[in-house]
Amino acid sequence: MIGSYTAIGDSFTEGVGDPGPDGRFVGWADRLAVLLADRIPEEGHFRYANLAVRGRLLDQIVAEQVPRAKALAPDLVTFCAGGNDIIRPGSDPDDVAERFERAVAELTSAIGTVLVTTGFDTRGVPVLRHLRGKVATYNGHVRAIADRYGCPVLDLWSLRTVQDRRAWDHDRLHLSPEGHTRVALRAAQVLGLEVPADPDQPWPPLPPRGTLEVRRDDIHWAREYLVPWIGRRLRGESSGDRVSAKRPDLLPL
């Protein structure tokens, strides 16, 4: 039985797009922790840490979060990293995968279960759809690495229900609360848990949208989200430059 869990990664694992009542993000990892804690009858016996910080590149995660995760020595670590590297111009998914594998080797030498995640299918994401081939190449490496080290895989590429636009936040780069929920449910399934809902459950039908409405939404998205995102990249800035981990210690949930 999993009695402790540490999540490491970037904005996806921090939970960006899924705001909680206290102003902090919730996200799929927090939701997975709740599902894991529900299996332990003794209140307060399950412990959880979330070290993920938005904007972090793979090498930053390895340097900042992997040693802390090893020191905490939980029963389970979820490791999602490399996405911010892959979307950078000129990045090589083969090189990113080599560095990812070294981190997996380090984690599995100290942690009982290390769950790794693939990237999403970006075919429906503006700006990122042209990176679909790079993401697929990286995903192939992640699956092969998981096989070599005996890691369960949270395959986000195959989770088709997150292709719906309602699974995504207004910025189209991060999941919505419902999207995070579906990922948490799939992660729990991968770990062998019975889940309270089906992550593959179809969405209710949406009314058709006209060309003018779609174009208006695209213009608003570009102005509010795309331009600032590009600006940060050009200035060498990250949305996580002044952000620290929300749960740096293994504490009762």
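The values are calculated or read from the model by the stated rules, or taken from the named source; none is laboratory data. What you are looking at is a predicted structure, and each value in this text was computed from that prediction instead of being measured. Cβ atoms come from the backbone with ideal geometry, glycine included; neighbour counts cover every protein chain shown. The area values use the complete protein model at the heavy-atom level, side chains included, leaving out ligands, DNA and RNA. Shrake-Rupley method; radii C 1.70, N 1.55, O 1.52, S 1.80 Å.
Relative to the longest principal axis of the C-alpha atoms of the chain, give the angle of the C-alpha long axis of helix 211-221, reported between 0 and 90° and rounded to the nearest 10°. With rounding to tens, the tilt is 60 degrees.
Skip the ligands, DNA and RNA, and give the accessible area per residue of segment 1-148 with a 1.4 Å probe, whole Å². Intermediate values should be presented prior to the final figure.
Numbers: 6040 Å² over 148 residues.
For segment 1-148, the solvent-accessible area averages 41 Å² per residue.
Net charge near Leu251, counting Lys/Arg +1 and Asp/Glu -1 over other residues with Cβ under 13 Å of its Cβ? Net of charged neighbours comes to +1.
The apolar share of the surface of segment 16-143, taken as the fraction of accessible area on carbon and sulfur atoms (1.4 Å probe, ligands and nucleic acids excluded), comes to 50 percent.
Based on the alpha-carbon gyration tensor of segment 170-253 and its eigenvalue square roots a ≥ b ≥ c, which shape applies: rounded if a/c is under 1.5, prolate if not and a/b is larger than b/c, or oblate?
Numbers: a/c = 3.63, a/b = 1.15, b/c = 3.14.
It comes out oblate by the Cα gyration axes.
The string of couplings for segment 145-161 from the Karplus curve (6.51, -1.76, 1.60, θ = phi - 60°) is 4, 4, 4, 5, 10, x, 9, x, 10, 8, 8, 6, 4, 8, 7, 5, 5 Hz, one whole number per residue in order, with x for Gly and Pro.
Hull volume per residue, based on the alpha-carbon atoms of segment 111-175 and their convex hull, is 90 Å³.
Axis angle, to the nearest 10 degrees, between helix 177-190 and the longest C-alpha principal axis of the chain: 40 degrees.
The loop-placed GluC sites (Glu not before Pro) in segment 173-236, going by DSSP, that have at most 12 neighbouring Cβ atoms within 10 Å of their Cβ come out as Glu194. Derived scalar couplings between HN and Hα for segment 243-253 equal 10, 10, 4, 7, 9, x, 10, 6, 10, x, 7 Hz in order, rounded to whole Hz, by the Karplus curve 6.51 cos²θ - 1.76 cosθ + 1.60 (θ = phi - 60°), x for Gly and Pro. Length, then width, then depth: along the principal axes, the Cα atoms of the chain run 54, 39, 34 Å. For the chain, the longest principal axis of the alpha carbon atoms and the long axis of helix 93-108 meet at an angle near 20°.
Hey, got the dipole for the chain? About the Cα centre, +1 on K and R Cβ, -1 on D and E Cβ, debye to the nearest 20?
Details: 33 positive and 35 negative charges, 140 e Å.
For this selection, approximately 680 debye.
So if we plug the beta-carbon distance of Trp221 and Met1 into 1/(1 + (r/R0)^6) with R0 = 41 Å, what FRET efficiency do we get, rounded to 0.05? The computed FRET efficiency comes out at 0.40. For segment 161-180, the residues whose amide N sits under 19 Å from a probe point set 7 Å from the Cα of Gln201 along the beta carbon direction are 161-168, 176-180. I need the calculated FRET efficiency for the pair Glu213 and Lys70, taking r as the beta carbon distance and R₀ as 45 Å, to the nearest 0.05. The computed FRET efficiency comes out at 0.35.
Just the accessible area per residue of segment 154-253, please: how many Å² with a 1.4 Å probe? Heavy-atom SASA per residue in segment 154-253 reads 61 Å². Helical content of the chain, expressed as a calculated mean residue ellipticity at 222 nm, amounts to -12000 deg cm²/dmol (DSSP H runs of 4 or more residues, -39,500 (n - 2.57) each, divided by residue number, nearest 500).
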